[in-house]
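Notes follow the structure.
The values are calculated or read from the model by the stated rules, or taken from the named source; none is laboratory data. Bear in mind that the values here come from a model prediction, so they are computed numbers and not experimental data. Cβ placement follows ideal geometry from the backbone for every residue including glycine, while neighbour counts extend to all protein chains displayed. Protein only, heavy atoms only, side chains kept; ligands, DNA and RNA dropped before computing areas. Shrake-Rupley method; radii C 1.70, N 1.55, O 1.52, S 1.80 Å.
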Amino acid sequence: MQEYVPLDLSAVCNVGAAEVGMPRTPCAGAQSLRGLPFLVAGEGSTPRFVGLGPVQAAAGGPAAVPVGGAARWVLFAHALLESQLARNGPVGQVVARYLFVYADGQSVPVDVRERFEVAVTQTGWGQWPFLSVPDDQDGLQPRWQGAWGSAGGRQTEVTQGWARDYYLWAWRNPRPEAPIARIEMGPGTPPVRFIVAAITLGHADEDPFGHSAAVPVVLTLPRPADAEEPFSLEVDVDRGVATYPYALPAEPDAGFLADPARGWGEPQNPGNSPAYVEIAATPSATVTVRRGGEEVGQVRWGDLTAAGRAETERVRFEVVDTGRNWVHTTVLDDATGRPVPCRVHFRSPRGVPYAPHGHHAHVNSNLGTWHVDVGGDVRLGQITYAYIDGRCQGWLPRGEVIVDVARGYEYEPLRERVTIQPGQRELTLRLKRAADMATLRYYSGDTHVHFLSAQGALLEAAAEGVNCVNLMQSQWGHLFTNTEEFTGGPAVSADGATIVWVSQENRQHMLGHLSLLGLKQPVMPWCSDGPSEAELGGNLETTLSHWADACRAQGGTVVIPHVPNPNGEPAALIATGRVDAVEMLVHDPYFHGEYYRYLNAGYRLPLVGGTDKMDSAVPVGIYRTYAHIPPDRPLTYESWMAAVRGGNTFHSGGPLLRFTVDGQPIGSTLRMGAGGGTVEVEAVATSVLPIHALQVVQGGRVVAQVEEAAGARDLRLRERVRVEGDAWLCARCAGPGYTSWPHFDGWRRGLMAHTSPVYVACGGDYDPFDHGTMQYMLTLIDGSLQYLRQRAPQWKPGDVTHHHGEADHQAYLERPFHEAIAAIHRRMHAHGVPH
């Protein structure tokens, strides 16, 4: 016997859509509503209905639909076309009466009430009926595309089913074995416009519309051709709902626990298998799996849930629900016993994630949604972590749960199994300190963060163990960001350990970018000279040098971000001493080489670490700056920035460095005789993640190193190094040979650390010189001038009053470059080089 059988109502239909004033004309014929079959009388676009309101009252007598058989359920597709609620009428008014008459003469009357069994199909939000469902199912938005205006709504992922034409109501037959002779349908009192469009008999022992919650199902594709293709799975359920499917990690359990990158993500599984989806459906539902649009397998939901497992030629289905508890989790600092901000990830042994409530198992469906997905969560490869203040709550599966917890580079990450017992409502985890850099007076900061709110930045920084965050307002084309966050002062956490200052990154696509830290007033314009930084068709209004001067005038700090690119004006900035520090954004020989080039030419440039965080694939502080604040000064934003300018800093992407030259700290100038000599270098690197090489670099060359091929948590060296003239020395550490295995952030940054220099002056003031670098800088400056004169867009002179108020705008733009040329020529002259 078929599970659901539609009845033919054509013999009793008495009205069309236009006659009863339906807001739209539905189709006639066989219909699938929420995966169930219904039959609407009529043909094509001329449906016919049973009208129970004034039409039926005029005709007299109820409409009787013959049945002639037994049924567990009787399903109605019906609609109320006028509402008393709109006129402040009572809730629950009887708008129709159904009488179920059995073959033995017994009958069951049922009142059909507004807001219970039916409602007006075009009812407003919040007025849906209690006991019926709309004819349209809840569902998902298109996964990979959509209109720009829907970008915000797309983040919800879901669509709610609204009644297009009908509400569906299921009557449960109290005598499922007794044949039903007929169904009599009459109007309520007073009669209102009401239609019955279709009736279907249900024979399945199930609630036709279901009301069970979703459970996870693991999908495994045994054929390599299916499994290894780039992820393209889709899952459809005809009588229920399914979430988007997601790939599961290749090593969800033992391999995950043994991974040395605990706390810092795992590789993303790019293929189709294994994967998981969450499904809620009726037992008679069909679950269909497609890969790239091609069907690869089907299963009946009731069969799958009964057996727990089903297998087709190309798909294996497994229900992996073990039950769940709402659990309150607390993460404590093991030493203090107090809750500690951190980030957390929970998963089942199969890799199914369970995010704390208010957080996401997959940030924005794992899409690369720049700018719109920051805040509250961070995704590192396969894993989305939730930022918490030390406490969270939400569903966790019963049985084994794998937890992955981290707090920056000074705490041991925690990745372990725990067991959630039935009825358990509390879970306590403990994080242990691996290092305490504050006791050494080194405080961490991220010089380069975008798009977060100031309050969000406070939480995320605390959870990553970052003391200072420079949150940047800026401009991308016609988009201005963080405008409302700028206050001209710090936002400080209650314990004083975390500070956020909203400042600026000012940007120009050819000349370069500049981080202006600690601004008390905005420096405008934020960006200049067209996309991608400034608005379409914009003029070149200013230069980086003028921005730097304005920042310095406020007592701010000037940093060249992601040195040196864009590589136009940095040479002029460095030549004229307008730069307080440079930021290394990625672990790459080119960026190292550019930094070393300027150091070799005698320029003192403290090194800082920043993330350029612009989405949730980047944690605050994954690249960070440690700056040394003297013992007589407390941690404040001003003291931290003074420490950055002072040069006792190191950049960290994981390892923690200490470095001295003849006992002198980073940023110092060590003085020797004119002939030079040897110095003792001492470097120590400790790390919660494995490191393989610790090196000392002099003038860009490795002059001392220690390596550990298997990886280590602690590397140390102490050696004598020959210095024959003015020189700089730095310590650095990373992977084998100072290459590096990457982090799992969106940049795939290397695990590395690098100190600022210790400078060695031999026989006088520190003043090394490199003629090649001078020529390199002059060439860049000349190129920038040529750009200003020939390519940079400008308004017609005399038609514009510029922000600087000077009459000769071209002279204003060129001035810093001429200053830089003069400064370089003075250095060349001082070193006896003709120019």
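Within the stretch 15-43, can you find the residues that are in a loop (DSSP other than H, G, I, E, B) and open to solvent by less than 50 Å² (accessible area, probe 1.4 Å)? Result: GLY21, MET22, PRO26, ALA28, ARG34, GLY35.
Provide a single number: the residues in the stretch 618-641 that are outside any loop (DSSP other than H, G, I, E, B), out of contact with any helix residue (DSSP H, G or I) (no Cβ under 7 Å at 6 or more places or on another chain) and open to solvent by 30 Å² or more (accessible area, probe 1.4 Å). So the answer is 1.
Residue-wise test of (1) within 16 Å of GLU295 (Cα to Cα); (2) of a type in the set (A, V, I, L, M).
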| site | (1), (2) |
| --- | --- |
| PRO179 | no, no |
| GLY186 | no, no |
| PRO191 | no, no |
| ILE195 | no, yes |
| GLY202 | no, no |
| PHE209 | no, no |
| SER212 | no, no |
| ASP238 | yes, no |
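Within the stretch 131-147, residues that are farther than 26 Å from THR369 by Cβ and open to solvent by less than 40 Å² (accessible area, probe 1.4 Å) have Cβ atoms under 9 Å from residues that are at pLDDT below 95 and among the β-branched types (Val, Ile, Thr) in these pairs: PRO134/THR121; ASP135/THR121, counting only partners at least 6 apart in sequence or on another chain. Of the residues VAL74, VAL120, VAL65, VAL91, the single one that is open to solvent by less than 60 Å² (accessible area, probe 1.4 Å), at pLDDT below 95 and β-branched (Val, Ile, Thr) is VAL120. Residues in the stretch 70-92 that are assigned to a strand (DSSP E or B) and farther than 15 Å from ALA198 by Cβ: LEU80 alone. Can you tell me which residue in the stretch 206-220 is nearest to the chain's Cα centre (by Cα), limited to those that are open to solvent by 20 Å² or more (accessible area, probe 1.4 Å) and of a type outside the set (Gly, Ala, Ser)? Here the residue is VAL215.
In the stretch 593-617, of all residues being farther than 30 Å from GLN775 by Cβ and not small (Gly, Ala, Ser), the one that is surrounded by the most Cβ atoms within 10 Å (Cβ to Cβ) corresponds to LYS613.
When the criteria are applied in full, ALA79 meets the requirement of being in contact with a Phe, Trp or Tyr (Cβ under 6 Å, 6 or more places away or on another chain) and of a type in the set (Gly, Ala, Ser). Residues satisfying the criterion are present in the stretch 377-393 (criterion: surrounded by fewer than 20 Cβ atoms within 10 Å (Cβ to Cβ) and either in a strand (DSSP E or B) or touching a Lys or Arg at 6+ places or on another chain (Cβ under 9 Å) (or both)). From the list PRO619, PRO589, the lone residue that is modelled with pLDDT under 95 and out of contact with any Gly (no Cβ under 7 Å at 6 or more places or on another chain) is PRO589. Identify, from the list ALA119, ALA178, ALA163, the residue that is of a type outside the set (D, E, K, R) and within 30 Å of ALA103 (Cβ to Cβ). When all the criteria are applied, what remains is ALA178.
Within the stretch 148-164, being out of contact with any Gly (no Cβ under 9 Å at 6 or more places or on another chain) and open to solvent by 70 Å² or more (accessible area, probe 1.4 Å) holds for TRP148, GLY149, GLN155, THR156, TRP162, ARG164. Quick one: how many residues across the stretch 356-376 are open to solvent by 50 Å² or more (accessible area, probe 1.4 Å) and either part of a strand (DSSP E or B) or of a type in the set (Gly, Ala, Ser) (or both)? Qualifying residue count for the region: 2.
Applying the set (1) surrounded by fewer than 18 Cβ atoms within 10 Å (Cβ to Cβ); (2) at pLDDT 95 or above to PRO353 leaves exactly one unmet item: (1).
Residue pairs whose Cβ atoms lie under 6 Å apart, separated by 6 or more positions or on different chains, with the first residue in the stretch 170-195 and more than 20 Å from ALA64 (Cβ to Cβ) and the second open to solvent by 40 Å² or more (accessible area, probe 1.4 Å), are PRO176/ARG72; VAL192/GLU82; ARG193/GLU82.
Selection of strands (runs of 3 or more DSSP E) fully inside the stretch 481-592 by the criterion of at least 2 residues being open to solvent by less than 10 Å² (accessible area, probe 1.4 Å) and closer than 24 Å to LEU452 by Cβ returns 499-508, 512-517, 557-560, 581-584.
For the stretch 187-200, a residue qualifies if it is assigned to a strand (DSSP E or B) and open to solvent by less than 10 Å² (accessible area, probe 1.4 Å), and the qualifying residues are PHE194, ILE195, VAL196, ALA197, ALA198, ILE199, THR200.
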